[in-house]
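Here the structure is laid out as structure tokens; the discussion comes afterwards.
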Amino acid sequence: MKVTVVGAGAVGASCAEYIAIKNFAEEIVLVDIKEGFAEGKAMDLMQTASLNGFDSNIVGATNDYSKTAGSDVAVITSGIPRKPGMTREELIGINAGIVKDVATKLIAESPNVIIIVVSNPMDTMAYLAHKATGLSKNRIIGMGGALDSARFKFRLAEAIGCPQSDVSAMVIGGHSDTGMVPLIEKAVVNSVPVSEFLSEEKMAEVVEATKVGGATLTKLLGTSAWYAPGAAVSELVKAIALDSKKVFPCSALLEGEYGLSDISIGVPCVIGKGGIEKVLEIELSDAEKAKLVDSAEGVAAVNALL
Ligand SMILES: NC(=O)C1=CN([C@@H]2O[C@H](COP(=O)(O)OP(=O)(O)OC[C@H]3O[C@@H](n4cnc5c(N)ncnc54)[C@H](O)[C@@H]3O)[C@@H](O)[C@H]2O)C=CC1
Ligand SMILES: O=C([O-])CC(=O)C(=O)O
């Protein structure tokens, strides 16, 4: 498998590192507009190969898309991150132009590529990538829910005092501070509902901490996070590479599912070699449905700014 990662900054380099360490890709191409930056990150990462025990070849390129030709998967992380106090939506002005340009260049070199959109505001950038490229809906995956669900599991395990590996939980909806819908009623610790362990008040705290997970880290770091985002992307790429049919919440273009259309938003998806192979329409409670509809209104309002 050949994977391109556009943007060799914090998230892009983390994606490349986790993909390399998981050792399922033959080649990883890092692309950035900053002269020499991607080449430097690629060389630095390649010097970890004997230490970390991987065989992937990592190459860097300054804005040279010919190096990306024949990619199976391309991850778009190019663009600016938010600073403390900002929302993801405020990044649209700069990032929309970058995502549109990059998506078009990627398709020109790799007509069969599956694109994973990471740049924020992610749901709107995934929607824009659809509009700009006309690719079929299975081939554009917005990454947000995989990360938000990992943060939800972290918060649940912390509150319950159990290992994260025992927690199964999912966040759907828009990847925004107010739009995420952590499905607390469906969250379990090895099949036991989390309500057996946590009070209503504690569950509400966990949900709130999950929704502002990115903002909390941005305040601490001065810029947004990269380790968990990179790890989340690497798991999506791995599911495609291994055709594993794993379920992740991803921002998918909806055509009537959940009563929503003409919008990319986080819903559970089966991920395999075809990208989004299926959007799963799970049973939602009335409260969950109402939150998803609210979230979709928020995403649609941002899409209208394109
Ligand atoms: N969807 C998600 O869950 C997450 C999304 N993000 C988003 O990912 C994006 C990247 O974040 P960071 O890596 O922290 O930022 P960063 O500033 O560290 O890296 C971005 C890189 O993109 C490059 N770049 C800018 N324009 C480009 C172009 N036209 N072509 C190629 N490269 C270009 C920059 O030179 C820079 O190296 C941000 O928009 C951030 O909000 C970050 C974390 C999670
Ligand atoms: O918070 C941000 O701006 C970056 C991001 O999407 C995340 O870490 O969830």
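The values are calculated or read from the model by the stated rules, or taken from the named source; none is laboratory data. What you are looking at is a predicted structure, and each value in this text was computed from that prediction instead of being measured. Methodologically, a virtual Cβ is constructed for each residue, glycine included, from the backbone with ideal geometry; neighbour enumeration extends over all protein chains shown. Areas reflect the complete protein model, heavy atoms only, side chains present, ligands, DNA and RNA absent. Shrake-Rupley method; radii C 1.70, N 1.55, O 1.52, S 1.80 Å.
I'd like the FRET efficiency for Thr216 and Asp101, computed as 1/(1 + (r/R0)^6) with the beta carbon distance as r and R0 of 35 Å, rounded to 0.05.
Working: r = 31 Å, r/R0 = 0.90.
Computed FRET efficiency for Thr216 and Asp101 comes out at 0.65.
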### Message
Under the rule of at least 5 residues apart or a separate chain, name every residue whose amide H is placed under 5 Å from the amide H of Leu30.
### Response
Val5, Val59, Gly60, Ala61
### Summary
For the range 178-240, the percent of accessible surface on carbon and sulfur atoms (probe 1.4 angstrom, ligands and nucleic acids excluded) is 57
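Sorted by accessible area with a 1.4 angstrom probe, largest first, how do Glu257, Glu158, Glu196 fall?
Glu196, Glu158, Glu257
Leaving out ligands and nucleic acids, and using a 1.4 Å probe, what accessible area per residue does the chain come to in Å²? It would help to have the intermediate numbers written out before the result.
Details: 12940 Å² over 306 residues.
Per residue, the chain has an accessible area of 42 Å².
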### Query
Asp294 to Asn63: FRET efficiency via 1/(1 + (r/R0)^6), r the Cβ-Cβ distance, R0 41 Å, to the nearest 0.05?
0.55
## Note on the structure
Heavy-atom accessible area of the range 2-143 with neighbours in place, 1.4 angstrom probe: carbon+sulfur share in percent works out to 54
## Note on the structure
Plugging the Cβ-Cβ distance of Asn112 and Phe197 into 1/(1 + (r/R0)^6) at R0 = 41 Å yields, to the nearest 0.05, a FRET efficiency of 0.35
### Loop-located trypsin sites (Lys or Arg not before Pro) in the range 1-61, at most 16 other Cβ atoms within 10 Å (DSSP)
Lys34
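GluC sites (Glu not before Pro), restricted to the range 23-117: which are DSSP loop and have at most 13 other Cβ atoms within 10 Å? Can you show the working numbers first?
Numbers: sites: Glu26, Glu27, Glu35, Glu39, Glu89, Glu90, Glu109; in loops: Glu26, Glu35.
For GluC sites (Glu not before Pro) across the range 23-117 that sit outside H, G, I, E and B with at most 13 neighbouring Cβ atoms in 10 Å, the list reads Glu26, Glu35.
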### Query
How far, in nm, would the chain grow between Lys137 and Gln164 when pulled straight, counting 0.36 nm per residue and subtracting the alpha carbon separation?
6.5 nm
### Task
Classify the range 145-303 as rounded, prolate or oblate from the Cα gyration tensor: take a ≥ b ≥ c as the square roots of its eigenvalues, call it rounded if a/c is under 1.5, otherwise prolate when a/b beats b/c and oblate if not.
rounded
### Task
Find which of His130, Val29, Gly79 sits farthest along the positive direction of the dipole of the range 2-143, computed with +1 on the beta-carbon of Lys and Arg, -1 on that of Asp and Glu, about the Cα centre.
His130
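Give me the dipole magnitude in Debye, nearest 20, for the chain about the Cα centre, with unit charges on the beta carbon: positive for Lys and Arg, negative for Asp and Glu.
Numbers: 27 positive and 37 negative charges, 96 e Å.
For the chain, the charge dipole is close to 460 debye.
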### Task
Evaluate the distance, in nm, between pseudo-label points positioned 7 Å from the Cα of Ile94 and of Asp44 along their respective Cα→Cβ axes.
2.0
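For the range 145-303, with only Lys/Arg (+1) and Asp/Glu (-1) charged at the beta-carbon, what is the dipole magnitude about the Cα centre, in debye rounded to 20?
Numbers: 14 positive and 22 negative charges, 130 e Å.
It works out to roughly 620 debye.
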### Message
Please list, by residue number, every one of the GluC sites (Glu not before Pro) in the range 261-306 that is coil in DSSP and has at most 10 other beta-carbon atoms within 10 Å.
### Response
Glu283
#### Entry: Cα lying deepest toward the dipole's positive end in the range 195-306, options Val233, Val212, Val299, charges on Cβ
Val233
### Message
If a paramagnetic tag sat 7 Å from the Cα of Glu35 along the Cα-Cβ line, which residues of the range 60-79 would have the backbone N under 18 Å from that point?
### Response
60-65
#### Entry: Members of Lys105/Lys219; Lys219/Lys278; Lys105/Lys289; Lys83/Lys153; Lys83/Lys273; Lys34/Lys291 lying beyond 30 Å, as alpha-carbon distances in this model show
Lys105/Lys219; Lys219/Lys278; Lys105/Lys289; Lys83/Lys273; Lys34/Lys291
### Query
Add -39500 (n - 2.57) for each DSSP H run of 4 or more in the chain, then divide by its residues: what number comes out at 222 nm, to the nearest 500 deg cm²/dmol?
-13000 deg cm²/dmol
